[in-house]
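Following: one structure in C-alpha cells, then a few remarks.
All of the numbers you see were taken from the coordinates with simple rules; none came from a lab. Owing to the predicted nature of the structure, the values given are computational and were not obtained by experimental measurement. Quick reminder, even Gly has a Cβ in these numbers, built from the backbone with ideal geometry, and neighbours come from all protein chains shown.
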Amino acid sequence: MGDPYTSDAAEFLVGTLFGIYILLVMLRCLFQIVRADFYNPLSQFVVKVTNPPLRPLRNFIPGFYGVDTSSVILMFVLKIIELYLVISLRGGSGSLVGISVLAIADLLGLLVTIYLFAIIVLVIISWINPGVHNPVIGLLRSLTEPLLRPARRLVGTGAGLDFSPLIVMLGLVLCQKLVIARLLDIGRQLL
C-alpha cells in the first residue's frame, strides 16, 4: 500500500473494528467482575456479541479469582493483532515484546477511559435527573461503585456533596500519567 490515503483509511478501519470489539470484551469482563445485572439489555447484547470466541476459550482457560481469564487473554491477543496490523500498514515491523508492552498499556488506557467516561456520565446524570432509572445508568453504577465506595468512605460527603468521583478521577488520571505513559514509552523503545 504505497498510497498514504489508502494506508490511513486501512489503519483507521483496523483500529476502529478491533477497538470496538476489544471494548465489548473488556466490558463483559468488567461486568462479570462487578457482578452487574446479567439480565440488563446492554449486558445481554455484550454477552451475545462476545460469546462466539469466548465459549471455546473457556473450555481450556479457567477463571481466576472471579476474573474471566479467557476474556483477558482474548483482549490481549486481539490488541497484539491490531497493533501488528497497524505497524505493518505503516511499513514498519516490531518485536513481539514491544508490541506486547504496548498492548498492555493500551488495554490499561482503555480501562481507565471506560471508568473516566462512566464517572463523568454518572456525575452529569446526578446533576440533571438524579432519580432516573435506566438500564445503562444501572450498569454504570454497578461498574463504578467498587471504585467510588472506598473513596466515599475516605473523604465522606460534605454539605450533601459527594467528592468521591473527583477523587477517583484524579487517581485515574494520575494512573494514566505515571503508569500507562511510562509503559507506552517502554513499549515504543522495545519496538
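In this rough spin-label picture, where each label sits 7 Å from Cα along the Cβ direction, the Arg141-Leu116 distance is 2.6 nm. Taken as Cα centroids, segment 1-76 and segment 78-154 sit 12 Å apart, rounded to the nearest whole angstrom. Counted over all Cα-Cα pairs of segment 84-168, pairs farther apart than 16 Å make up 64 percent. How many nm is it between the label spots at Leu191 and Ile73, if each spot is 7 Å from the Cα in line with the beta carbon? For the pair Leu191/Ile73, the computed spacing is 2.7 nm.
Suppose R0 equals 22 Å. What FRET efficiency, 1/(1 + (r/R0)^6) with r the Cβ-Cβ distance, do Ile20 and Arg182 give to the nearest 0.05? So, using R0 = 22 Å, E works out to roughly 0.20. Spin-label model, Leu170/Val132: points 7 Å from Cα along the beta carbon direction are separated by 2.8 nm. What the Cα convex hull of the chain gives, in volume per residue, is 151 Å³. Computed from the Cβ-Cβ distance with R0 of 30 Å, the FRET efficiency linking Val123 to Tyr39 stands at 0.70.
Only alpha carbons enter this Debye calculation for segment 40-109, each as an equal point scatterer, and the log10 of I(q)/I(0) it gives at q = 0.25 Å⁻¹ is -1.10. Taking every DSSP helix (H) stretch of at least 4 residues in the chain, weighting each as -39,500 (n - 2.57) and dividing the sum by the residue count yields a mean residue ellipticity at 222 nm of -26500 deg cm²/dmol.
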